[in-house]
Amino acid sequence: MIRMRFAPSPTGMLHVGNARTALFNWLWARKNNGKFILRIEDTDMERSKSKWEKAILDDLRWLGLDWDEGPDIGGDYGRYRQSERLDLYHEYASQLVKDDLAYPCYCTPEELGQKRKEQLSRKQPLKYDGYCSQLTNRGRNLFKAQGRKPTLRFRVDGDKLCFKDLVKGEMEFVLGNLGDFIIMRSDGWPTYNLAAVIDDSLMEITHIIRGDDHLSNTPKQILLYKALKLYAPVFVHIPLICDMHNKPLSKRYWYSSIVQYRQEGYLPEALVNYLALLGWSPKNGREIMGIDELIDSFALEDISGSAAVFDIKKATWVNSEYIKKLKPDDLMSACMPYLKSADEYAQSLTELEPEQLKNMLAAIAPGLKTLKDVSNEAVPYLIDSIEGILDTQSPSFSEKDIEVLKAFNEKLVSADIFRAEDLKIILKQLKKETGASGRGLYLPIRLGITGEPHGPELFELLPLLGKKGCIERLKQTFNWLDSNAAKV
Ligand code: GLU
């Protein structure tokens, strides 16, 4: 049974890098009918907050990355918060001390700082000098008597350590540079490396996919697995995500935090699709893939060894592709929250008959980059007067354009019904009568009705405005043309 985990520290919002890590682990679990476990690594007492844990869980749920075991639902391998597992860490740490594989270190932060300074000035590698590893019982008792609270350090022994990473290949670390490292802090809380090793092993995690910023932790973890005689999972270290300037993606950008996408009107399926492409691509090179296709085609061997570049433009393009594919009902319910929280103007759309609103949304869907765009894109449908737009856009009409527009106006006045089919017939007649075609026919009509050269599909917009609405807008355009001509 494949068992994967996502182990966030609740010290901030879920960001793009962590979400991608969660997704890769989730995909591999789902592909193999395995389990996806959520574990909260909250051993940094000062920075961990339950509000961040809640926010991370909310974001994962929004992305659709469901878990089979976790702090909120429990499971056979619980507890799933490290702060609730301290007894286990102590038990294993005591075993290491008993086997003389770990020892108490009484050096204070000030003393350690001093040692580091000296190493720096002597250009020596920065590592613990092993002072407390040699302490006799008497020496320990003296420190204890001074009231010093010890940390626990793991004894690093051996020259080098080799392991195989599924992305990076064969890795070799020189242990001499490592120094004995802390596994238990003086306040009795474990360090990340000890807690993660015990949990990953007890939770029977089979593979760990994580960012390669953790690569330097892996030798320490492997040493701990060996010392504790615990079984170790397969390691898969994925390259970090960079921005367009090849710098690690900064948390400063709005788009580095998942919650922002929800606010900006991205569809979770679209974001998941884009995140999957950060450092992985299927053999067939496809880009737009629904969740089932992602699960089907995801393979560890196709994970790239080089940094993934985050491109918000591409993420937005993927989003627009997903918006285009939404069924009318789904589009309406997806847009509703954005319309409701938009200005009064756009809010009035929510009072339309559902059928009318659905048609309108279908008409503007091809132009939507995000769901939030809906209020702007809806403007051509909403306004009663286009005079303001004409004044600011100041579109230019040739004599021929005006001729087309006048002829169109006449046809409208005498039209009985006014649906997309009627519009088609009218345009055909206009083409014949005026000789205008293509852009020469559509552009003056678009400009005359909306005041702008771009916008929603005419066949959708015009019937929705209705005969009356169109005639009214054309009247405004003619007036504007007259007054402009008068000014010249
Ligand atoms: N809590 C660690 C982090 O958020 C987990 C690292 C790991 O996956 O082992 O970076």
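The values are calculated or read from the model by the stated rules, or taken from the named source; none is laboratory data. Because the structure is a prediction, the values reported are computed rather than measured. Positions of Cβ are generated from backbone atoms using ideal geometry, with glycine treated the same way; all protein chains shown enter the neighbour counts.
Just a few scattered comments:
- Taking the stretch 188-222 as the range and being farther than 24 Å from M45 by Cα and touching a Gly at 6+ places or on another chain (Cβ under 8 Å) as the test, only T206 passes.
- Every condition in (1) part of a helix (DSSP H, G or I); (2) within 14 Å of F6 (Cβ to Cβ); (3) not acidic (D, E) is met by W67 except one, and the failing one is (1).
- Within the stretch 182-207, the set of residues being away from the ligand (no atom under 14 Å from the Cβ) and surrounded by 22 or more Cβ atoms within 10 Å (Cβ to Cβ) comprises I183, M184.
- Among the residues of the stretch 432-488, just one is in contact (Cβ under 8 Å) with a residue 60 or more places away in the chain, among the acidic types (D, E) and over 23 Å from I417 (Cβ atoms), namely E452.
- Any hit, the stretch 59-68, residues being surrounded by fewer than 22 Cβ atoms within 10 Å (Cβ to Cβ), among the aliphatic types (A, V, I, L, M), more than 21 Å from A276 (Cβ to Cβ) and more than 14 Å from the ligand (Cβ to nearest atom): no
- Within the stretch 179-204, residues that are within 16 Å of L228 (Cβ to Cβ) sit with their Cβ atoms under 8 Å from residues that are part of a strand (DSSP E or B) and within 11 Å of the ligand (Cβ to nearest atom), at 6+ positions apart or across chains, in these pairs: D200/R5; D200/I208; M203/R5.
- Residue check for W26: in a helix (DSSP H, G or I), surrounded by fewer than 23 Cβ atoms within 10 Å (Cβ to Cβ) and either more than 10 Å from the ligand (Cβ to nearest atom) or not acidic (D, E) (or both): no
To keep it simple, each residue is scored yes or no on (1) modelled with pLDDT of 90 or more; (2) within 44 Å of the chain's Cα centre (by Cα).
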position	(1), (2)
G438	yes, yes
P456	no, yes
F459	no, yes
N479	yes, no
N484	no, no
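- Residues of the stretch 31-46 that turn out to be away from the ligand (no atom under 13 Å from the Cβ), assigned to a loop (DSSP other than H, G, I, E, B), in contact (Cβ under 8 Å) with a residue 60 or more places away in the chain and not hydrophobic (A, V, I, L, M, F, W, C), as a count: 1
- Test: residue in the stretch 443-452 that is of a type outside the set (G, A, S) and loosely packed, with under 15 Cβ neighbours inside 10 Å: no
- Taken across the stretch 219-231, residues that are under 26 Å from the mean Cα position of the chain (by Cα), within 25 Å of L14 (Cβ to Cβ), at pLDDT 95 or above and buried (at least 17 other Cβ atoms within 10 Å of the Cβ) do not occur at all.
- As a summary of the residue check, S385 satisfies the conditions (1) modelled with pLDDT under 90; (2) buried (at least 18 other Cβ atoms within 10 Å of the Cβ) except for the one numbered (2).
Matching residues to (1) within 22 Å of I183 (Cβ to Cβ); (2) within 16 Å of the ligand (Cβ to nearest atom); (3) β-branched (V, I, T); (4) part of a loop (DSSP other than H, G, I, E, B):
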site: I209; (1), (2), (3), (4): no, yes, yes, no
site: K229; (1), (2), (3), (4): yes, no, no, yes
site: Y261; (1), (2), (3), (4): no, no, no, no
site: Y266; (1), (2), (3), (4): no, no, no, yes
site: G285; (1), (2), (3), (4): no, no, no, yes
site: M289; (1), (2), (3), (4): no, no, no, yes
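- Selection from the stretch 11-23 of residues that are near the ligand (Cβ under 9 Å from one of its atoms) and either on the phi > 0 side of the Ramachandran plot or assigned to a loop (DSSP other than H, G, I, E, B) (or both): T11
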